[in-house]
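Structure record follows, encoded as C-alpha coordinates.
The values are calculated or read from the model by the stated rules, or taken from the named source; none is laboratory data. As the structure is a computational prediction, the values presented were derived from the model and not from experiment. Virtual Cβ from ideal backbone geometry, glycine too; neighbours counted across all protein chains shown.
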Amino acid sequence: MESLVRAYSHGIFPWYSQGQPILWWSTDPRMVLEVSRFKLHRSLKKTIQRFRADEHCEIRFDTAFNTVIENCAHIERNGQGGTWIVPEMVAAYQALHLAGHAHSLETWVDGELAGGLYCVNIGKAVFGESMFADRTDASKLALAALVCFCRVHGVAFIDCQQNTAHLSSLGARETPRAQFASQVKAAIALEPPLWHFDALYWQHLLDT
(Lines give C-alpha, C1' and ligand atoms only; values in the text may rest on other atoms or scores of the structure.)
Protein backbone atom coordinates (compact mmCIF):
# COMPACT_ATOMS: atom_id res chain seq x y z
CA MET A 1 0.00 0.00 0.00
CA GLU A 2 2.82 2.41 0.89
CA SER A 3 4.35 1.87 -2.55
CA LEU A 4 1.08 2.85 -4.22
CA VAL A 5 0.77 6.03 -2.16
CA ARG A 6 4.35 7.03 -2.98
CA ALA A 7 3.82 6.27 -6.66
CA TYR A 8 0.60 8.26 -7.01
CA SER A 9 2.19 11.14 -5.09
CA HIS A 10 4.72 11.37 -7.94
CA GLY A 11 2.20 10.92 -10.75
CA ILE A 12 3.06 7.25 -11.30
CA PHE A 13 0.50 4.45 -11.63
CA PRO A 14 0.84 0.64 -11.84
CA TRP A 15 -0.08 -1.72 -14.66
CA TYR A 16 -0.03 -5.37 -13.77
CA SER A 17 -0.59 -8.72 -15.47
CA GLN A 18 -0.91 -12.08 -13.77
CA GLY A 19 2.48 -13.77 -13.53
CA GLN A 20 4.35 -10.66 -14.68
CA PRO A 21 6.30 -8.03 -12.69
CA ILE A 22 4.51 -4.80 -11.82
CA LEU A 23 5.09 -2.10 -14.42
CA TRP A 24 5.03 1.51 -13.26
CA TRP A 25 3.92 4.20 -15.69
CA SER A 26 4.26 7.96 -15.91
CA THR A 27 3.01 8.72 -19.39
CA ASP A 28 4.02 11.82 -21.32
CA PRO A 29 1.69 13.44 -22.10
CA ARG A 30 -0.86 12.60 -19.39
CA MET A 31 -4.62 12.67 -19.93
CA VAL A 32 -6.14 15.02 -17.35
CA LEU A 33 -9.67 16.29 -16.83
CA GLU A 34 -9.76 19.76 -15.34
CA VAL A 35 -13.14 19.74 -13.63
CA SER A 36 -13.87 23.30 -14.74
CA ARG A 37 -13.61 22.09 -18.35
CA PHE A 38 -15.96 19.12 -18.05
CA LYS A 39 -18.29 19.04 -21.06
CA LEU A 40 -21.86 18.37 -19.99
CA HIS A 41 -23.49 17.17 -23.19
CA ARG A 42 -27.21 17.75 -23.57
CA SER A 43 -28.06 14.05 -23.40
CA LEU A 44 -26.13 13.56 -20.15
CA LYS A 45 -27.69 16.68 -18.65
CA LYS A 46 -31.16 15.25 -19.33
CA THR A 47 -30.10 11.92 -17.83
CA ILE A 48 -28.87 13.67 -14.66
CA GLN A 49 -32.09 15.64 -14.38
CA ARG A 50 -34.20 12.47 -14.65
CA PHE A 51 -31.94 10.62 -12.22
CA ARG A 52 -32.04 13.47 -9.72
CA ALA A 53 -35.84 13.67 -9.85
CA ASP A 54 -36.34 9.93 -9.26
CA GLU A 55 -36.53 9.03 -5.58
CA HIS A 56 -35.43 5.49 -6.43
CA CYS A 57 -32.10 6.71 -7.82
CA GLU A 58 -29.12 7.91 -5.81
CA ILE A 59 -25.38 8.38 -5.81
CA ARG A 60 -23.52 6.80 -2.92
CA PHE A 61 -19.86 6.95 -1.91
CA ASP A 62 -17.90 4.07 -0.40
CA THR A 63 -20.82 1.77 0.40
CA ALA A 64 -19.78 -1.00 -2.03
CA PHE A 65 -16.11 -0.49 -2.80
CA ASN A 66 -15.27 -4.19 -3.06
CA THR A 67 -18.19 -4.83 -5.41
CA VAL A 68 -17.26 -1.87 -7.62
CA ILE A 69 -13.62 -2.92 -8.05
CA GLU A 70 -14.60 -6.54 -8.65
CA ASN A 71 -17.05 -5.47 -11.36
CA CYS A 72 -14.35 -3.30 -12.94
CA ALA A 73 -11.97 -6.26 -12.88
CA HIS A 74 -14.35 -8.42 -14.90
CA ILE A 75 -14.92 -5.97 -17.76
CA GLU A 76 -13.58 -7.03 -21.16
CA ARG A 77 -11.66 -4.02 -22.52
CA ASN A 78 -11.29 -3.54 -26.25
CA GLY A 79 -7.79 -4.41 -27.38
CA GLN A 80 -6.79 -5.85 -24.00
CA GLY A 81 -6.23 -9.50 -23.30
CA GLY A 82 -7.77 -9.78 -19.87
CA THR A 83 -7.61 -7.26 -17.06
CA TRP A 84 -4.85 -5.49 -15.15
CA ILE A 85 -7.06 -5.54 -12.04
CA VAL A 86 -5.85 -8.97 -10.93
CA PRO A 87 -6.48 -10.30 -7.40
CA GLU A 88 -3.20 -8.87 -6.07
CA MET A 89 -4.17 -5.40 -7.28
CA VAL A 90 -7.70 -5.75 -5.93
CA ALA A 91 -6.22 -6.51 -2.50
CA ALA A 92 -3.85 -3.53 -2.76
CA TYR A 93 -6.65 -1.10 -3.60
CA GLN A 94 -8.86 -2.57 -0.89
CA ALA A 95 -6.05 -1.75 1.55
CA LEU A 96 -5.89 1.78 0.11
CA HIS A 97 -9.65 2.06 0.62
CA LEU A 98 -9.40 0.99 4.27
CA ALA A 99 -6.65 3.58 4.72
CA GLY A 100 -8.89 6.30 3.28
CA HIS A 101 -7.02 6.77 -0.01
CA ALA A 102 -9.32 4.90 -2.41
CA HIS A 103 -13.01 5.56 -2.91
CA SER A 104 -15.95 4.20 -4.84
CA LEU A 105 -18.66 6.33 -6.42
CA GLU A 106 -21.77 4.28 -6.97
CA THR A 107 -24.92 4.71 -9.05
CA TRP A 108 -27.87 3.00 -7.36
CA VAL A 109 -31.23 2.37 -9.05
CA ASP A 110 -34.16 0.72 -7.25
CA GLY A 111 -31.86 -0.38 -4.46
CA GLU A 112 -29.41 -2.11 -6.82
CA LEU A 113 -25.89 -1.14 -7.81
CA ALA A 114 -26.16 -0.12 -11.46
CA GLY A 115 -22.61 1.10 -12.09
CA GLY A 116 -19.80 3.14 -10.67
CA LEU A 117 -16.12 3.89 -10.54
CA TYR A 118 -13.24 3.88 -8.11
CA CYS A 119 -10.44 6.38 -7.69
CA VAL A 120 -7.43 7.22 -5.54
CA ASN A 121 -7.26 10.42 -3.49
CA ILE A 122 -4.19 11.99 -1.87
CA GLY A 123 -4.62 15.53 -0.57
CA LYS A 124 -6.64 17.28 -3.25
CA ALA A 125 -5.33 15.11 -6.08
CA VAL A 126 -7.80 12.62 -7.53
CA PHE A 127 -6.69 9.78 -9.78
CA GLY A 128 -9.43 8.00 -11.73
CA GLU A 129 -8.90 4.27 -12.08
CA SER A 130 -11.73 2.26 -13.64
CA MET A 131 -15.50 2.23 -14.08
CA PHE A 132 -18.29 -0.17 -14.97
CA ALA A 133 -21.96 0.00 -15.88
CA ASP A 134 -24.70 -2.62 -15.71
CA ARG A 135 -27.26 -0.05 -16.88
CA THR A 136 -27.06 2.60 -19.57
CA ASP A 137 -25.23 5.76 -18.44
CA ALA A 138 -24.62 4.45 -14.90
CA SER A 139 -20.85 5.00 -15.10
CA LYS A 140 -21.32 8.40 -16.75
CA LEU A 141 -23.53 9.42 -13.84
CA ALA A 142 -20.83 8.34 -11.39
CA LEU A 143 -18.19 10.35 -13.27
CA ALA A 144 -20.46 13.40 -13.41
CA ALA A 145 -21.02 13.03 -9.65
CA LEU A 146 -17.25 12.94 -9.13
CA VAL A 147 -16.90 16.15 -11.15
CA CYS A 148 -19.60 17.79 -8.99
CA PHE A 149 -17.88 16.63 -5.82
CA CYS A 150 -14.51 17.94 -7.00
CA ARG A 151 -15.95 21.34 -7.90
CA VAL A 152 -17.59 21.67 -4.49
CA HIS A 153 -14.44 20.68 -2.59
CA GLY A 154 -11.84 22.58 -4.55
CA VAL A 155 -10.30 19.62 -6.37
CA ALA A 156 -9.01 21.04 -9.65
CA PHE A 157 -8.37 17.95 -11.73
CA ILE A 158 -9.02 14.24 -12.17
CA ASP A 159 -6.17 12.17 -13.58
CA CYS A 160 -7.42 10.00 -16.45
CA GLN A 161 -4.03 8.42 -17.22
CA GLN A 162 -4.45 7.59 -20.91
CA ASN A 163 -6.08 9.28 -23.88
CA THR A 164 -9.38 7.85 -25.10
CA ALA A 165 -11.96 9.33 -27.43
CA HIS A 166 -14.59 9.10 -24.68
CA LEU A 167 -12.54 11.06 -22.16
CA SER A 168 -11.62 13.62 -24.78
CA SER A 169 -15.30 14.14 -25.59
CA LEU A 170 -15.90 14.98 -21.92
CA GLY A 171 -13.23 17.67 -21.84
CA ALA A 172 -10.11 15.77 -20.77
CA ARG A 173 -6.94 16.77 -22.56
CA GLU A 174 -3.31 15.79 -22.78
CA THR A 175 -0.96 17.57 -20.39
CA PRO A 176 2.86 17.49 -20.45
CA ARG A 177 4.21 15.15 -17.79
CA ALA A 178 6.26 17.87 -16.08
CA GLN A 179 3.20 20.10 -15.78
CA PHE A 180 1.09 17.24 -14.44
CA ALA A 181 3.76 16.30 -11.88
CA SER A 182 3.83 19.91 -10.68
CA GLN A 183 0.03 19.92 -10.32
CA VAL A 184 0.14 16.69 -8.32
CA LYS A 185 2.91 17.97 -6.03
CA ALA A 186 0.86 21.06 -5.17
CA ALA A 187 -2.42 19.17 -4.76
CA ILE A 188 -1.17 16.41 -2.45
CA ALA A 189 0.01 19.02 0.05
CA LEU A 190 -3.58 20.21 0.60
CA GLU A 191 -6.14 18.89 3.06
CA PRO A 192 -8.18 16.06 1.49
CA PRO A 193 -11.96 16.42 1.18
CA LEU A 194 -14.50 14.49 3.20
CA TRP A 195 -15.95 11.89 0.86
CA HIS A 196 -19.72 12.13 0.81
CA PHE A 197 -22.26 13.16 -1.80
CA ASP A 198 -25.19 15.53 -1.39
CA ALA A 199 -27.88 15.67 -4.08
CA LEU A 200 -27.48 19.47 -4.01
CA TYR A 201 -24.04 19.02 -5.59
CA TRP A 202 -25.69 18.32 -8.94
CA GLN A 203 -26.54 21.99 -9.27
CA HIS A 204 -22.84 22.87 -9.52
CA LEU A 205 -22.85 20.99 -12.82
CA LEU A 206 -26.34 21.69 -14.11
CA ASP A 207 -25.89 25.46 -13.76
CA THR A 208 -22.88 25.51 -16.09
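Worth a mention:
- Each residue in region 115-136 was checked for being more than 13 Å from PHE65 (Cα to Cα) and touching a Phe, Trp or Tyr at 6+ places or on another chain (Cβ under 8 Å), and 5 of them qualify.
- Close pairs (6 angstrom Cβ cut-off, 6 or more residues apart or separate chains): farther than 16 Å from VAL35 by Cα in region 117-132, at pLDDT below 95 and β-branched (Val, Ile, Thr) anywhere: PHE132/ILE75
- Residue satisfying all of: in region 102-151; over 12 Å from the mean Cα position of the chain (by Cα) and aliphatic (A, V, I, L, M); surrounded by the most Cβ atoms within 10 Å (Cβ to Cβ) among these: ALA138
- Test result for ALA178, aliphatic (A, V, I, L, M), surrounded by 13 or more Cβ atoms within 10 Å (Cβ to Cβ) and over 30 Å from ARG50 (Cβ atoms): no
- All positions within region 23-34 that are β-branched (Val, Ile, Thr) and either touching a Gly at 6+ places or on another chain (Cβ under 9 Å) or at pLDDT below 95 (or both): THR27
- The residues listed here are LYS140, LYS124; of these, the one that is in contact with a strand residue (DSSP E or B) (Cβ under 8 Å, 6 or more places away or on another chain), modelled with pLDDT of 95 or more and of a type in the set (Lys, Arg) is LYS140.
- Among (1) more than 26 Å from ASP62 (Cβ to Cβ); (2) loosely packed, with under 14 Cβ neighbours inside 10 Å; (3) out of contact with any Asp or Glu (no Cβ under 8 Å at 6 or more places or on another chain); (4) not polar (S, T, N, Q), the one test that HIS166 misses: (1)
- Residue match in region 80-90 (condition: in contact with a strand residue (DSSP E or B) (Cβ under 6 Å, 6 or more places away or on another chain) and modelled with pLDDT under 90): yes
- Summed over region 129-154, residues that are farther than 22 Å from THR47 by Cα and of a type in the set (Gly, Ala, Ser) total 1.
- Only one of ALA95, ALA53, ALA99, ALA114 that is under 19 Å from HIS196 (Cβ atoms) and modelled with pLDDT of 95 or more: ALA99
- All told, ALA114 meets the bar of being among the aliphatic types (A, V, I, L, M) and closer than 23 Å to CYS57 by Cβ.
- Strands (runs of 3 or more DSSP E) fully within region 106-208 that include at least 1 residues being of a type in the set (Gly, Ala, Ser): 112-122, 125-133.
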